[in-house]
Amino acid sequence: MASSGVVDTADAAPLLSVEDLVVEFHNREGVSRVVDGVTFSVGRGETLGLLGESGCGKTVTSLALMRLLPSRSGRIAGGRLLFEGTDLATLSEEQMRRLRGSAISMILQDPLTSLNPVFSIRRQVVEALRLHREAPPDRGREKAAALLAEMRIPDADSRLDSYPHQFSGGMRQRVVSAIALAGNPRLLIADEPTTSLDVTVQAHFLRLLREIQDSHGLSIVFVTHDLGVIARICHRAAVMYAGRIVEEAPVRQLFAAPAHPYTRALLEASPRLEARKRPLTWIAGQPPSPRARPPGCAFAPRCPAAMERCRREAPPEIWIDQRHRAACWLHANGEDERHRDG
Amino acid sequence: MTDRPVAEGPAAEGPAADEPAGRSAILVARNLERRFDGHGRDGGIVAVDGVSFEIGACETLGLIGESGCGKTTTAKLLLGLDKPTGGSVLHHGRDVASLDREGRRTYRRSVQAVFQDPQSSLNPRMRVGAIVREPLVAAGGTPRAEVRARVAETLERVGLEADAAHRFPHQFSGGQRQRIAIARALAMRPELAVLDEPVASLDVSVRSQILALLKDLQSQFRMSYLLISHDLATAGHLCDRIAVMYLGRIVETGSADEVYDSPRHPFTRELLEAARFAFADEVDTKRGTADETAVSRPVTGCRFRTRCPMAEEICARVDPQLHAVSPTQQVACHLA
């Protein structure tokens, strides 16, 4: 069932479609709705960016996709996670385990903690290959070397016997990616994989990831807080705020014509080369905690364009065009306005 | 000899010969070298290999490079956390290595540091007030009543509320924690603050807030900064001058305008390209420099040649030295 060709049209059946996902965490103080009705889809061969600040629910969303929420405190409280038509939320742990690595894989921020320091690179890559039955016993080393070479690790064969600490940060992330791709997954979830890397190393890694994506027809959900990274890797991006998606659009459109005041503020606040002499701006205040979200739009208290209505009523999702949506009252058309106000 | 850190403090000795006249440098690094000896097969490494620069009053110098280029080692040498194996650090013209006890004390007071990750640079068991007070008390010389007032004032200046002093670091957000780290350095009223990736661990939306705070504090307190970073995008908002490091050497230095608008070294151009806002289809995958796996320390010639898209025959033979391409810009490249 491996997907081969890259399908670029938005209308083709998506590989992954998340519908109204709700994730809740329980602790002594009660229930926190960390992800509060998130809907998005990812096409084959497409990269979707999930953009947001710490605490917006982007990592929890990605963990929910892998069904890796902490089992004692977190749970998927609603919605569907349709992967190739199957709802991941309803699978048993055993069924889910068979999908991890072979259908959906994940790479995380810190490659050093994803690798075992006491085992050689060879052992860790071969382990992944064996697990996914991608290498017969006598060809493990050869296959592992080929996989590392594909990730552009020079002298792959001779470096197989190295240990993680002998690799640089960028090289470790390539090893981690090689392990993640060992089972030929269709979907890769990348949670801030370049955040701990130098900008130069990051640029090269992103370029490599795009090449791998093209040759494998891989779909990627890329989680990050960095707009520059979103621009370099994603086809489309969804902006998250306080557990919800507030805007989604193809990247160029998102950067050229952001519709949500939050997206606009994030863009203006990002330190940028070409704006180094412009005065710095930022978003005053802090996002609300999941247990103290305001009744209307969660961004209203920080929003420069907030109206009376924003503080009362949560904004609906409004489609600005076929591929661009924003949850903001500013885009409600007059008709809707009149209807609502009676 | 207790010259308190005043911005216009005259140099005790004559300024370095290569120093531009009319401006007294607070700190001069002269031909700094830090060699780490290897064990057995490992032949050792020269992490900082003949680095020279100076930092003037109220200016920000950016020391920019990738991990492992020696920028943090250089900072440690300036902060006195490590000793150079060659070269010297001059504070107002005096060699820091030859200072007496009292001189070292003054020096330590006047040079402070803010590190990347406030999560690990702040003691989780100490209240914020104690964290900010500690260096003041350790350095001595400040009466107790004044210490209390100084802590309160400093917390206010970095934008924290008065009751912050009674709370613990974990009760703050990442951006606020970095404010605490800044307050700790600022409490000493230093002449120079070494900022080692001060915003790298923060969310994008908080980064510009902290950068603006640093800028503001600089003009209020007339401090100089040495900013250490791998990211020219964030450095651009703060720096007056830039020094780009590659494998232990400065390969290009100049005013921020020169380095950003007319970079001469291919590595500087790569740093700019990586920090630029670019969409995937604008990134040229065919041209450009080789990735970090091509880093090596060639025995001969230019250190960057293994990654350089322009390398010629001379680059393998002759080690390029810094040469002036303008009164303020220098570059170590045969082709520049």
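The values are calculated or read from the model by the stated rules, or taken from the named source; none is laboratory data. Because the structure is a prediction, the values reported are computed rather than measured. Ideal geometry is used to build each Cβ from the backbone, glycine not excepted, and the neighbour counts take in all protein chains shown.
Observations, loosely collected:
- Options A:208, A:218, A:187: the member that is at the interface with chain B (Cβ under 9 Å from one of its Cβ atoms) and either small (Gly, Ala, Ser) or under 28 Å from residue A:53 (Cβ atoms) (or both): A:208
- All conditions but one from (1) crowded, with 24+ Cβ neighbours inside 10 Å; (2) in a helix (DSSP H, G or I); (3) in contact with a strand residue (DSSP E or B) (Cβ under 6 Å, 6 or more places away or on another chain) apply to residue A:232; the one that does not is (3).
- Enumeration of residues in the range A:49-59 that are outside any loop (DSSP other than H, G, I, E, B) and surrounded by 22 or more Cβ atoms within 10 Å (Cβ to Cβ): A:49, A:50, A:51, A:58
- Every condition in (1) surrounded by 21 or more Cβ atoms within 10 Å (Cβ to Cβ); (2) touching a Leu at 6+ places or on another chain (Cβ under 7 Å); (3) away from chain B (no Cβ under 14 Å); (4) not acidic (Asp, Glu) is met by residue A:178 except one, and the failing one is (3).
- Of the residues making up the range A:256-274, one or more are surrounded by 15 or more Cβ atoms within 10 Å (Cβ to Cβ), among the hydrophobic types (A, V, I, L, M, F, W, C) and not in a helix (DSSP H, G or I).
- Scanning the range A:60-85 for residues that are surrounded by fewer than 22 Cβ atoms within 10 Å (Cβ to Cβ), of a type in the set (Ser, Thr, Tyr) and modelled with pLDDT of 95 or more yields a single hit, A:62.
- Test: residue B:299 is modelled with pLDDT of 90 or more and surrounded by fewer than 18 Cβ atoms within 10 Å (Cβ to Cβ): no
- Failed criterion for residue B:84 (all others in (1) in contact with a strand residue (DSSP E or B) (Cβ under 8 Å, 6 or more places away or on another chain); (2) within 14 Å of chain A (Cβ to nearest Cβ); (3) not acidic (Asp, Glu) hold): (2)
- Among the residues of the range A:30-58, the ones that are farther than 20 Å from residue A:327 by Cα and among the β-branched types (Val, Ile, Thr) come to 2 in all.
- Taking (1) within 11 Å of chain A (Cβ to nearest Cβ); (2) closer than 30 Å to residue B:187 by Cα; (3) acidic (Asp, Glu) in turn, residue B:240 satisfies each apart from (1).
Residues checked against (1) away from chain B (no Cβ under 14 Å); (2) touching a Ser or Thr at 6+ places or on another chain (Cβ under 8 Å); (3) of a type in the set (Gly, Ala, Ser):
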site: A:174; (1), (2), (3): no, no, no
site: A:183; (1), (2), (3): yes, yes, yes
site: A:228; (1), (2), (3): no, yes, yes
site: A:236; (1), (2), (3): no, yes, no
site: A:245; (1), (2), (3): yes, yes, no
site: A:256; (1), (2), (3): no, no, yes
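- Residue that is farthest from residue B:116 (Cα to Cα), among those in the range B:63-96 that are of a type in the set (A, V, I, L, M) and part of a helix (DSSP H, G or I): B:96
- Filtering B:26, B:64, B:55 for residues that are over 27 Å from residue A:167 (Cα atoms) and either among the basic types (Lys, Arg) or within 13 Å of the chain's Cα centre (by Cα) (or both) leaves a single hit, B:55.
- The listed residues are B:280, B:256, B:316, B:243, and the only one of them that is surrounded by 15 or more Cβ atoms within 10 Å (Cβ to Cβ), at negative phi, at pLDDT below 95 and among the aliphatic types (A, V, I, L, M) turns out to be B:280.
- Positions within the range B:210-237 being within 7 Å of chain A (Cβ to nearest Cβ) and surrounded by fewer than 22 Cβ atoms within 10 Å (Cβ to Cβ), in sequence order: B:212
- Every residue from the range A:316-334 that is within 16 Å of residue A:304 (Cα to Cα) and either part of a loop (DSSP other than H, G, I, E, B) or basic (Lys, Arg) (or both): A:327, A:328
- Scan of the range A:117-165 for residues that are in contact with a Phe, Trp or Tyr (Cβ under 9 Å, 6 or more places away or on another chain), within 24 Å of residue A:104 (Cα to Cα) and outside any helix (DSSP H, G or I), ordered by number: A:153
- Qualifying position, being more than 18 Å from the chain's Cα centre (by Cα) and within 23 Å of residue B:60 (Cβ to Cβ), among B:141, B:129, B:159: B:159
- Checking each residue in the range A:95-110 for being out of contact with any Pro (no Cβ under 8 Å at 6 or more places or on another chain) and touching a residue at least 40 places away in the same chain (Cβ under 8 Å) picks out A:106, A:110.
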